[in-house]
Amino acid sequence: MINDLKEIVAINSVEAPQSAVDAPFGQNLRNALDWFLNKASSYGLKVGERDGYCGWADYGDRELPLIGILAHVDIVPAGEGWTSDPFTLREEDGVLYGRGTSDDKGALVAVLHVLKRMREEKKKLRHRIRLIVGCNEETGSRCLQKYASECEIPVVSLVPDADFPVINSEKGILHTDVEVSVDETFKQNISALHAGERANVVPGKATVKFTKDSEVIEELRGIFQNINSNILDIPEISDAVKKVKAKFSDYEIIDGEEGVTITATGVAGHASVPETTDNALWKIFAILRAIMPQSTTVKIIFDKLCTRDCTKILGINVNDERTGVLTMNMGVADYQNDTLTLKFDFRLPITATPDLPEIALTYTFGEMASVHRVRFSENLYVPEDSPLIKTLLKVYCSVTGKRKVSPLQIGGGTYARELPNAVAFGPTPPKRQTNIHNADECVYIEDLELTKEVYYRAIEELDKLY
Ligand SMILES: [Zn+2]
């Protein structure tokens, strides 16, 4: 199993543009999928694929109904800061380091070895077990959407791409764009404003550029000259800046012939957990709010949207006992042709409809803006006392010896929402640090062994249940 993981980690399977008819996500993902199909078939499993979007390996007779297990072979880019080469699996004290070890190649290989074991044992089951492997989980799950519309649907599916014991709720995901026609003050003073690339990421950097003949530029220059550039000592600015808890070192100011540019730095992160981040865009609007008090565009954006209380201010702070709290992220800002485009990501508990934040935004901006829905992905919610959740918890407890475990609720999305009767189940045990999407991503060998054992038993139990 570890040797297999070593081979698949060596493939840098980040999504790239289509490179061939059967390589919609680039050659590296084609290679990664081929690796899986060849490996599974060398273990005596029957394999298939759909146009390079996804592939699968089956154990069991073709006439039997399916139980599905969904993993993905694509990864996020390696990024900086690794202790050793991210594509060379390295073991240290029972921990395996490498991009994809935890998300999601480790689980993929562990489940592949469960199927291998079942075949070696010639295990008798009432279902055929299919490991489905997608190539586009990190960048849109079009792989699984294609599977869902064109391939055989399992009666029940498990997704080893989150945490143990089991995830019974994934919030709804709403992406909404707001196009703001900015006011005259904004137009006269600002030539560029930019932050973020994707709605689902909290921006860690944001930049605003003032026009050469901006009315506020002299004021800005004067202020910064007078106080040796300590932004918090500037009375005109300090209130707004303090509100977003910015420090002087968060700002960089460049005064050039083309005008003044201010860049703010925060802490980037995932939109589903905004409380762990620090939105750089808020810091830019803090400066704008202080020096352009007459701009209603800035006033609305800063006062209502650039604060931890934003959902409360908008009146959309839904908090549902079973599925958690509504979260909001202003992930992208882009100013062009007198229009400021803001991109939002909302994570909705089951009691909030996607209309709710959109109506609130429409009301907040009034005539000034138009609000467009870009994407909505429904909640996934399986009741705690459903046979599926109860069975999986029982299996997890029996393997680990744990007694009191409860299902988890997350704001992120997994493959589970792409197929009916599916839940995310493991593979990361509670409180385990695996540096997912970060440098030195890792998986514990004992966790891979646990995943193998838990999945083997879960298949046995689901085989009886369905
Ligand atoms: Zn994943």
Would you kindly work out the equivalent ellipsoid of the chain from its C-alpha gyration tensor and give its semi-axes, the square roots of five times the eigenvalues, largest first in whole Å? 47, 23, 20
Need one number: convex hull volume per residue for segment 173-377, Cα atoms only, in Å³. 107
The chain, relative contact order [Cα under 8 Å, separation at least 6], %: 23
A correct fewest-to-most ranking of Val178, Val405 by other Cβ atoms within 10 Å would be Val405, Val178
Ranking Pro203, Pro154, Thr263 by how far each Cα lies towards the positive end of the charge dipole of segment 146-276 (+1 on Lys and Arg Cβ, -1 on Asp and Glu Cβ), the top one is Pro154
Where the eigenvalues come from the Cα gyration tensor of segment 1-132, what are the semi-axes √(5λ) of the equivalent ellipsoid, largest first, in whole Å? 27, 19, 10
Over the chain, what is the percentage of antiparallel beta bridges among all DSSP beta bridges, to the nearest 5? 80
Most positive-pole-ward Cα, Ile67, Ile316, Phe186, against dipole of the chain from beta carbon charges: Ile67
In nanometres, the difference between 0.36 nm per residue of separation and the alpha-carbon distance of Arg403 and Gln27 is 130.7 nm
Of Ala78, Met1, Val21, which is farthest towards the positive pole of segment 1-128's charge dipole, taken about the Cα centre with +1 and -1 on the beta-carbons of Lys, Arg and Asp, Glu respectively? Met1
Taking only the alpha carbons of segment 329-466, what extent do you get along each of the three principal axes, in Å, biggest first? 60, 37, 25
Treating the beta-carbon of each Lys and Arg as +1 and of each Asp and Glu as -1, no other charges, what is the dipole magnitude of the chain about its Cα centre, to the nearest 20 debye? 1720
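All of the numbers you see were taken from the coordinates with simple rules; none came from a lab. What you are looking at is a predicted structure, and each value in this text was computed from that prediction instead of being measured. Backbone-built Cβ (ideal geometry, glycine too); neighbour counts: all protein chains shown.
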